[in-house]
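First up is the structure itself, then whatever we jot down about it.
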Amino acid sequence: DPDVGAGGALGPPDERVLGEIAHEMGNHLHKLYYWTGYLRDQAAARGEPEAGAVEMLGGAVERLDRILHMILEYFAPARLCFNKVRVADLVGGLGEHLPGRRLVVEGVDRLGETSVFVDAGLLGHAIRTIFERVVSTLVDEDELRVRLELASRRQYRGVEIEFRGGAASAGGSLKAGVEMAVAEKFLHMHGAELFERETAVRSLVVFVPLYA
């Protein structure tokens, strides 16, 4: 018989368990959003100085919502659907999430038509998360640079997608945080890797193998 005592492992959570957890979380988050909105309206109506604190509370609730959903994504059983995807499509559209700044993609003329065999949804999610992390390091920069390059790691040929950080990239690791942990999990499911590169500024680099 399996060991189901105090020291027994329960195994990975299944979809039903995760669905119930998500449902319970959604109920409580909905209440937090409701009461935060109520307090915001009350403070605004009276012009109270607590309005700033209410806005901070609202921001904290939004961050909690995002983190909890990322945790669920980390533990959720993933169903991969692999297809050929152009490298250009992996970075296409990122500029729409960079208001007030330009996205400059170097190497797209040489490697944009190169295809990789990936789950476009999961890998795209990971790349967007990495992109947003690097965007958070921009200070006075008016553009974010992404470089595409052929490379080899562990005897595999592949494509590097390098996201060059801004002035705020110095200090702690850019890979820290639950969102980055989920993004890296999705990359590993493709045999891809995420690493940091330090030159004049710190960069996050995604290596996607070609397998061809």
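Of the residues examined, Gly93 is one that is open to solvent by less than 60 Å² (accessible area, probe 1.4 Å), on the phi > 0 side of the Ramachandran plot, of a type outside the set (S, T, N, Q) and out of contact with any Lys or Arg (no Cβ under 6 Å at 6 or more places or on another chain). Filtering Phe207, Phe186 for residues that are surrounded by 19 or more Cβ atoms within 10 Å (Cβ to Cβ) and assigned to a helix (DSSP H, G or I) leaves a single hit, Phe186.
Please work out if Val146 is part of a strand (DSSP E or B) and either among the basic types (Lys, Arg) or out of contact with any Cys (no Cβ under 6 Å at 6 or more places or on another chain) (or both). Criteria met by Val146. When restricted to residues that are open to solvent by less than 80 Å² (accessible area, probe 1.4 Å) and touching a strand residue (DSSP E or B) at 6+ places or on another chain (Cβ under 6 Å), region 134-147 contains 5.
When region 151-172 is limited to residues that are part of a strand (DSSP E or B) and either in contact with a Gly (Cβ under 7 Å, 6 or more places away or on another chain) or without any contact (Cβ under 8 Å) to a residue 40 or more places away in the chain (or both), the one that is nearest to Leu68 (Cα to Cα) turns out to be Arg164.
Among the residues of region 106-133, those that are open to solvent by 40 Å² or more (accessible area, probe 1.4 Å) and either in contact (Cβ under 8 Å) with a residue 12 or more places away in the chain or part of a strand (DSSP E or B) (or both) comprise Glu106, Val108, Arg110, Glu113, Ser115, Phe117, Ala120, Gly121, His125, Arg128, Glu132, Arg133. Here the condition is being out of contact with any Asp or Glu (no Cβ under 7 Å at 6 or more places or on another chain), open to solvent by less than 20 Å² (accessible area, probe 1.4 Å) and among the hydroxyl-bearing types (Ser, Thr, Tyr); of Ser152, Ser169, it holds for Ser169 alone. For first residues located in region 10-26 and open to solvent by 50 Å² or more (accessible area, probe 1.4 Å), partners that are in a helix (DSSP H, G or I) and at pLDDT 70 or above and lie 6+ apart or on another chain with Cβ distances below 8 Å form the pairs Pro12/Phe75; Ile21/Leu72. Restricting attention to region 46-84 and to residues that are open to solvent by 90 Å² or more (accessible area, probe 1.4 Å) and more than 22 Å from Glu179 (Cβ to Cβ), the residue that is farthest from the chain's Cα centre (by Cα) turns out to be Arg46.
Filtered by the rule that a residue be of a type in the set (D, E, K, R) and without any contact (Cβ under 8 Å) to a residue 12 or more places away in the chain, region 173-212 gives a lone residue, Glu198.
The values are calculated or read from the model by the stated rules, or taken from the named source; none is laboratory data. A quick note: this is a predicted structure, and the numbers were derived from the prediction, not measured. All Cβ positions, glycine included, derive from the backbone under ideal geometry; neighbour counts span all protein chains shown. Each accessible area value is taken on the protein alone, full model and side chains, heavy atoms only, with ligands, DNA and RNA left out. Shrake-Rupley method; radii C 1.70, N 1.55, O 1.52, S 1.80 Å.
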